[in-house]
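Here is the structure we will look at.
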Amino acid sequence: SYWEIVFLLLLALSVCRGRVVRVPKGPLIRVVGTEVEIPCSVSDYDGPSEQNFDWEFSQETDFVRIVSTWDSTFTSEEYQTRVGYGDIKLRRSSNDAVELVIRNIQPTDQGTYKCSTPSTDATVQGNYDAEVQVKVISDGLSVSGSKARSSVSLRLSEGDSFKLRCSAVTTSPEHTHLHVTWQIKNESTWRDVLSLTHEGKFHPGPGYEERYRNGDIRLDTGANDTYWLSVSQASSVDEGVYRCLVSEWVRGADSSWQKIQEKRVEIASVAIQRTGEAVPCNVSVTERDSLDLTCNITTDRSGIFQAEVMWYFSASPDATLSDAQVLLSMDHDSVVSDSTLISLSHVDRNSYRLLVRDVDVGDSGYYFCQAAVWVPLHNGSWHKVVERTSAPVSVVVTALEPDYEVFLNASKIPKFSDDPTELNCRITNAQDTEANIRFTVSWHYRQRLRSDDVVTAELLATMGADWTLQLGDRIRERTQNGEIIFSKKAVDTFSFRIQWTSESDRGDYFCVISAWSRHRNNSWVKSKDVTSASVSIFWATQDYTLTVEAVKLKPFFVAGHTFEMTCKVSSKNIKTPRYSVLITAEKPLADQSNPNGTTRIISLNQDSVVRLEDWTDQTRVDGVVLEKVQENEFRYRMYQTKISDAGLYRCVVTAWSPGGGGMWREAVNGLSNPIQIDFQISPPCLNSSLSSNTDDMSFDVSWFAVRSFALDREPILLASVDRRGIVTQSRRNGSSDLSLERISPLEFHLRVHGCEDHDFGNHYCIVTPWVRSATGVWQRESDIKAKPIFLSVKMDVLNAFKYPLLIGIGLATVIGLLSCLIGYCSSRWCCKKEVQETRRERRRLMSMEMD
């Protein structure tokens, strides 16, 4: 069936798969004395990727070992010398391929070569060696040039033609083909000019394709196995040394072409005399003068010819003809293109003059000419034989510089920070300033250092010829905000003003006045720069100092009274300072309202605007006041003080100095000494004591319980007593009872009567103090929470189970006796019967005999 056939084919393929060793198909024909390379490769193998190879040789006898990639002792004795000198070696091209290289092969090397690979396969499959036959033939190729023993030298002119001869012949016994290539070396490397391949095809070298298509370069064959290189319209690129390179090719057994040898011979040295070269020089002219340049054409032609000249201008010496600007041209009929300020004239047979009138700075650049020589043909037409471009001539046009000086002075010098600075840059002693001259300014800044280090000047702003001001990165934002102003006060005066000078502006300033000249095309070109002397902007600075002293006006007071303190400020080295004040309080750690410790109460800024900061007592919104008594004195008042107001109070003062744009700049900060408010009250708890007058103080006490070990449940109110002595208890589910009593003015006891197991847990009290002010008004203070106390209830097992056990035993005994009594009575009287026993006859057994 179909599937059986497919299966058999796959089975055959799997059986046939195995190692394959390949060498070229022979015979390989090689020339005596040349180097031979015989490749060998292996595929479809198992084991490591890198395989080893052994090479052996035979001349119809047993194989002799030549060389191995893995066994240094593999080589036979007769090959050890050649292998040792490297005449025979192995060259690995990849992990699975090598080449046997034999240098200077001889007729004795003709024979059969076998390449073997040691097995690395799991199973033996395929072939492990391959053989190829090598045939060594004699050298029958000879290559020569002219009849002279050495190469010839030719000196030609541009546009001339020349021919070079090369002779190549072979007497090889095999059918071989020759490959002829003409090469040139005009620098350091050989380049192909034109080739005639072994397949009979012409192939031009790189850069010679167009000339080959035009017929300017040809390769012709002649008698006696000669090959001629013909070059027409010679140019400078044809100058150099020419040689003839001939290789011999033979078709192998696989129909591919193989190169068997190659020979070369130098033919001639060719020198080309250039034509149409301008005299290179550097020219310098003054603005408004004329520029005179000449293009000289040098040629050894004595016949009739005409020259075509074209002048170019470029800003760069490396510009190509397509990038350069054409100024004027004259064709071979002496027709000149039209121009107003530029003229081209034919001075003599070989000279052409370019004249540019009224030059300006924009005419500075590089000028060069291109000349072509035309010769007449027999039909009356003209033919261009050569074209040459001169080297560029550098032309520098010197501008007419105006003569002037620059003076920089400071009309306003700062003595403190934020003072204004104004610099004036003035043009003086100006001469030769025509209407075509325009002045602009650039401002520069150099940082002033105490050491001798050189600091590069920084450009602040520069003005272009169109009066456009370009700002530097240092002052761009400040200029846009109006802090820095650039202006032109007069025709000869430029001004630079800093409205509010900062310490970072201290340094050296200088200006540069640039003169601009207007050209024929109404463009402006800078002709001169003059730099002024620098002006130093600097003032001595001292560190700011600020001292703040807080004074408590009333040495002692009680809760409910008014707390009052003043802050006196003194400063040095600050210009017209103003102060902002912040009152802070450092509360005890027990105060739960502010766990961070410091509270910002009220502030007064430098403009005397008051602001409540973190004051959160809604009942005393107007209870704190901060006011400015004098320029350097501030007073803080706190009305109806509470026990929760206890702590350390300070004044945090910030000194401000006038800044730019009416703004205030922060100068320095200061902190006063602390003022303490202490009511000498410690937090009441389970056992509390107060040293102040208890007639002016009372408490609300509440007891709570949390029925857990970790305080992770909601607290349960047990009982409370208010400041009037009224006790309130919450409902209870158990049989235990509570009592809350005040045993002293500052001590409260909670008693639990008949504790049960559900009375365990953490117990704590919360005390709310009430303080009577001097006006007789009671004020409530912040709640104070005591630390919890854990209450555990132990159970008396004996007492708990004594009565239940006695009762149970008694009841069990009574019920048991009662049950016994009932059973006896029932069996005695209620269930009695007379049983009549049936009499049985008693008979003796009779013997069998009697029966």
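As a rough guide to protection, the peptides 422-431, 812-821 ranked by mean Cβ packing within 10 Å, highest first, stand as 422-431, 812-821.
A straight chain from residue 61 to residue 266 at 0.36 nm per residue would run longer than the Cα-Cα distance by 69.2 nm.
I'd like to check one number: the per residue accessible area of the chain, probe 1.4 Å, reported in Å² as a whole number. Could you put the intermediate results ahead of the total?
Working: 49970 Å² over 851 residues.
With the other protein chains kept in place, the chain gives 59 Å² per residue.
Here residue 785 is the anchor, and the lysines within straight C-alpha reach of less than 28 Å, apart from those fewer than 8 places off in the same chain, are 587, 642, 794. Placing R0 at 25 angstrom, the Cβ-Cβ distance between residue 355 and residue 318 gives a FRET efficiency of 0.45 after rounding to 0.05.
For the range 108-125, backbone phi angles converted through the Karplus equation (6.51, -1.76, 1.60; θ = phi - 60°) give residue-by-residue couplings of 5, 8, 6, x, 10, 10, 10, 10, 10, 10, x, 6, 10, 8, 6, 10, 7, 8 Hz, Gly and Pro being listed as x. Simple spin-label estimate for residue 723 and residue 547 gives 4.5 nm between the two label positions (7 Å along the Cα-to-Cβ direction from each Cα). Simple spin-label model, 7 Å along Cα-to-Cβ: residue 504 to residue 332 in nm? Computed distance between label sites residue 504 and residue 332 equals 7.3 nm.
Per residue, how big is the convex hull of the chain when only Cα atoms are used? Give it in Å³. Don't jump to the answer; show the numbers that get you there.
Working: hull volume 571.3 nm³, N = 851.
So the per-residue Cα hull volume is 671 Å³.
Pairs with C-alpha atoms separated by more than 25 Å, drawn from the list 25/201; 114/263; 135/259, are 25/201; 114/263.
Enter the Cα centre distance for the pair the range 146-211 and the range 452-499, rounded to the nearest angstrom. Result: 71 Å between the Cα centres. Would you mind classifying the range 180-300 by shape? Square roots of the alpha carbon gyration tensor eigenvalues, ordered a ≥ b ≥ c; an a/c under 1.5 is rounded, otherwise it is prolate if a/b is larger than b/c and oblate if not. Here the range 180-300 falls in the prolate category.
Working out 0.36 nm times the residue gap between residue 822 and residue 347, then minus their Cα-Cα distance, what length gain in nm do you get to one decimal?
Working: separation 475, 0.36 × 475 = 171.00 nm, distance 17.09 nm.
My answer for the length gained is 153.9 nm.
Taking only DSSP H segments of four or more residues, each worth -39500 (n - 2.57), what value at 222 nm results for the chain once the sum is divided by all its residues, to the nearest 500 deg cm²/dmol?
Working: 5 runs with 63 residues, N = 851.
It comes out at -2500 deg cm²/dmol, rounded to the nearest 500.
Once the C-beta distance of residue 485 and residue 570 is scaled by a Förster radius of 45 Å, the resulting FRET efficiency is 0.75 to the nearest 0.05. In straight-distance terms, cross-link reach from residue 488 covers every one of the lysines whose alpha-carbon lies under 27 Å from its own, apart from those fewer than eight places away in the same chain; here that gives 412, 415, 526, 528. Apolar share of the accessible surface for the chain: 50 percent from carbon plus sulfur atoms, 1.4 Å probe.
Between residue 785 and residue 273, the modelled labels are 11.7 nm apart [label points 7 Å from Cα along Cα→Cβ]. Working from Cα positions, state the angle (0 to 90°, nearest 10) between the long axis of helix 2-16 and the longest principal axis of the chain. Roughly 70 degrees between the two axes. Charge tally for residue 185 (other residues, Cβ to Cβ under 15 Å; Lys, Arg +1; Asp, Glu -1): -2. Computed from backbone phi, the HN-Hα couplings of the range 579-587 come to 10, 10, 10, 10, 9, 10, 10, 9, 7 Hz, rounded to whole numbers (Karplus: 6.51 cos²θ - 1.76 cosθ + 1.60, θ = phi - 60°; Gly and Pro given as x). Full extension of the segment from residue 209 to residue 730, taken as 0.36 nm per residue of separation minus the current Cα-Cα distance, would add 176.0 nm. Dividing the mean sequence gap of close Cα pairs (under 8 Å, 6+ apart) by how many residues the chain holds gives a relative contact order of 6 percent.
Assuming R0 = 51 Å, what is the FRET efficiency of residue 44 and residue 152, from their Cβ-Cβ distance, to the nearest 0.05? If you can, show how the numbers build up before the last one.
On the way: r = 59 Å, r/R0 = 1.16.
Once the sixth-power term is evaluated, E becomes 0.30.
Summarising the amide proton neighbourhood of residue 154: residues at separation of 5 or more, or on other chains, whose placed amide H is nearer than 5 Å comprise 269, 270, 271.
Within the range 113-204, list the trypsin sites (Lys or Arg not before Pro) lying in a DSSP loop whose Cβ has at most 10 other Cβ atoms in a 10 Å radius. If you can, show how the numbers build up before the last one.
Details: sites: 114, 135, 147, 149, 155, 163, 165, 185, 191, 201; in loops: 147, 149, 201.
Here the trypsin sites (Lys or Arg not before Pro) that fit, given the DSSP loop and packing criteria, are 147, 149, 201.
Candidate cross-link partners of residue 384 among the lysines, defined by an alpha-carbon separation under 24 Å and a same-chain spacing of 8 or more, comprise 163.
The values are calculated or read from the model by the stated rules, or taken from the named source; none is laboratory data. From a predicted model like this one, the values you see are computed outputs, not experimental measurements. So basically every Cβ, Gly included, is an ideal-geometry build from the backbone, and we count neighbours across all protein chains shown. Protein only, heavy atoms only, side chains kept; ligands, DNA and RNA dropped before computing areas. Shrake-Rupley method; radii C 1.70, N 1.55, O 1.52, S 1.80 Å.
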